[in-house]
Amino acid sequence: MSKKTPLYAKHLQANAKMVDFHGWLMPLHYGSQLTEHHQVRRDAGVFDVSHMTVLDLSGQRAREFLRYLLANDVAKLKEAGQALYSCMLNERGKVLDDLIVYQQTETQFRMVCNAATRDKVSNWIKKQAKNFGVRIQDSLHYAMLAIQGPTARDKTLPCLPPELQSAALGLKPFHSCWSEQWFVARTGYTGEDGFEVILPVPQAQSFWDNLLLAGIKPIGLAARDTLRLEAGMRLYGTDLDENHSPLESGLEWTVAWTPPNREFIGRDALEEQRQRREHSIMVGLILNDKRGVLRGHQTVYLENREEGQITSGTFSPTLGMSIGLARVPPEVHEQVTVAIRNKQLTAKVVKPPFVRHGKACIDIEPA
Amino acid sequence: MSTKSEIPEDLKYAKSHEWARIEADGTVTVGISDHAQKALGDLVYVELPEIGQELEVGAECAVVESVKAASDVFSPANGKVIKINEALVDEPELVNKSPYRDGWLFKMQPDKDDSGLNELFSAAKYQVILDNED
């Protein structure tokens, strides 16, 4: 039996096509993936992300524990509410999950992890936390909504509880604020401005209704995927997995190498890989050719040698052409060939993101 | 999708969700059904056969690609391609907007004997196929 989020009935009301997503019944789209995509780039949309895993960590040694658990360094968090994106690695330096951690107090942190990894990750963290006396709460009593787009914050503010409105208005990017039960962060997975809101289940439906009344449109998983890929963001299970390190996934910028004496899980293996510099890398690709679309698992060729694989690919609604992420050998490439059906098409190598704040970030030559 | 698919009475249908309209001059216009376009979602690319290309019933002859996935189109008859819908190159979304009119894919001249057209389903039978799929 698939699990239902607190907003299941609301999705049906909005004519969603529901699909099973890692054991959760989630809206794929509400009619048109393309319209929903543009809605977020041009105005504002709301995503039900209640399937994501929210973990609350508390204890005197919580910060010390997170500095050991995560490849990025929570010592970078200098003030209450600040957020940090990080990978969580196994001893081999491979990625168990990617997540955002929010510092609430010196001894309290909130982590938002992927839905697909819920059991694995929560067991892993509990096992690692034993020696640190850190308490971990995996709460299913929350709903989580992401409201994203250039007008998302303006339209969401009046829908928030009055006591949170001024704090939410003043939030800097990658910061959060909260009341006793609500939590508002200026984070997201679309490349647009917006909020992610964690709130108690009994209030989820009325909050959803108010957002829709404010002119925010519901957006499904299909558009969530094209939006995040345009923003160059990795999807766990597709671009990231337990067979690859952050260095092989274009996420070296999220690994805090300094201070050199900080021990974190996977560091030794990662240092070794970093020194050898033989590992594959992740690049962005654009295919300015109307004859095909980049898709995950397509083979990438360099001078006719089979060299890599597309991890994520789609048609980019904002750019009007196909984009993708590919894992390739570490040489510098300007272009590659991709096998699409019976054709060999040339794709240009670019540095993601492809789109941020509604605008193209890469040079596109006319087809 | 919660909305019911349109199935015009005057067309013939293949199990693989193509439709065929037998025109007064004996040529056949081919497209994909409303059900098929809904299942695919927003189309971004259509690969059409070439004019003059010989088609075999049930063989791949075109590709329709949506944001989500690519899908093969199978010929509903034996015959030769005589016209393709050039408008789809720049406006593949016509297939979504108007699967039975502006979104047609190609026209063919079916073989005189053994065109395979008799094997296609009526609208009523196609409806039964869709009902059994859900």
- Item | Additional length obtainable on full extension of the chain from A:Lys3 to A:Val349, 0.36 nm per residue less Cα span | 120.6 nm
- Message: In whole Hz and in residue order, list the ³J(HN,Hα) couplings for the stretch B:118-125 that follow from phi through the Karplus curve 6.51 cos²θ - 1.76 cosθ + 1.60, θ = phi - 60°; x for Gly and Pro.
- Response: 5, 7, 5, 9, 6, 4, 4, 5
- Query: Taking a label point 7 Å from the Cα of B:Ala59 along the Cα→Cβ vector, which residues of the stretch B:102-134 have an amide N closer than 20 Å to it?
  - Reply: B:105-120
- Message: Using Cβ contacts closer than 10 Å as the measure, can you line up A:Arg276, A:Arg267, A:Arg61 from fewest to most?
- Response: A:Arg276, A:Arg61, A:Arg267
- Taking a straight Cα-to-Cα line shorter than 17 Å from A:Lys10, and setting aside same-chain aspartates and glutamates fewer than 8 residues away, one finds A:Asp20, A:Glu36, A:Asp48, A:Asp209
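Between A:Arg135 and A:Gln335, what's the calculated FRET efficiency when r is the beta-carbon distance and R0 is 51 Å? Round to 0.05. Let's see the in-between values first.
On the way: r = 52 Å, r/R0 = 1.01.
The computed FRET efficiency comes out at 0.50.
When A:Phe174, A:Phe195 are ordered from fewest to most other Cβ atoms inside 10 Å of their Cβ, what list results? Please report the intermediate quantities before stating the final value.
On the way: A:Phe174 16, A:Phe195 22.
Starting with the residue having the fewest Cβ neighbours, the order is A:Phe174, A:Phe195.
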- ³J(HN,Hα) across the stretch A:262-274 via Karplus (A = 6.51, B = -1.76, C = 1.60, θ = phi - 60°), whole Hz, x for Gly/Pro? 6, 8, 9, 4, x, 4, 4, 5, 5, 4, 5, 5, 5
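Which of the residue pairs A:Lys76/A:Lys130; B:Lys4/B:Lys80; A:Lys217/B:Lys68; A:Lys343/B:Lys80; A:Lys78/A:Lys126; B:Lys15/B:Lys80 have a Cα-Cα distance greater than 27 Å in the structure shown? Intermediate results must be reported in sequence, preceding the final value.
Numbers: A:Lys76/A:Lys130 24 Å; B:Lys4/B:Lys80 33 Å; A:Lys217/B:Lys68 21 Å; A:Lys343/B:Lys80 23 Å; A:Lys78/A:Lys126 25 Å; B:Lys15/B:Lys80 21 Å.
Beyond 27 Å: B:Lys4/B:Lys80.
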- Note on the structure: Interchain or sequence-distant (5+) residues whose placed amide H lies within less than 5 Å of the amide H of A:Gly320 are none
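Return A:Trp253, B:Trp19, A:Trp182 ranked ascending by Cβ neighbour count within 10 Å, so the fewest neighbours appear first. It would help to have the intermediate numbers written out before the result.
Values: A:Trp253 9, B:Trp19 28, A:Trp182 19.
Result, fewest neighbours first: A:Trp253, A:Trp182, B:Trp19.
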- Using the Karplus curve 6.51 cos²θ - 1.76 cosθ + 1.60 with θ = phi - 60°, work out ³J(HN,Hα) for each residue of the stretch A:168-185 in order, rounded to whole Hz, and write x for Gly and Pro. 5, 4, x, 5, 7, x, 6, 10, 9, 9, 7, 10, 4, 10, 9, 9, 10, 10
- Which value in nm describes the separation of the simple spin-label points at A:Thr238 and A:Leu212, placed 7 Å from the Cα toward the beta carbon? 2.6 nm
- Query: If Lys and Arg each add +1 and Asp and Glu each add -1, what is the summed charge of the other residues whose beta carbon sits under 10 Å from the beta carbon of A:Leu270?
  - Reply: 0
- Please check which bits of the stretch A:67-102 a label hung off A:Gln275 would reach, taking the label as a point 7 Å along Cα-to-C-beta and the cut-off as backbone N under 17 Å. A:92-93
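If packing is taken as the average number of other Cβ atoms within 10 Å across a peptide's residues, how do A:25-36, A:103-114, B:61-72 rank, most packed first? Numbers along the way, then the final one.
Details: A:25-36: 22.2, A:103-114: 19.0, B:61-72: 20.5.
Result, highest mean first: A:25-36, B:61-72, A:103-114.
Read-outs throughout are calculated quantities, based only on the coordinates presented, and are distinct from any laboratory measurement. Here the structure is a predicted model, which is why all the values come from computation and not from measurement. FYI the Cβ positions are ideal-geometry reconstructions off the backbone, even for glycines, and counts take in every protein chain you see.
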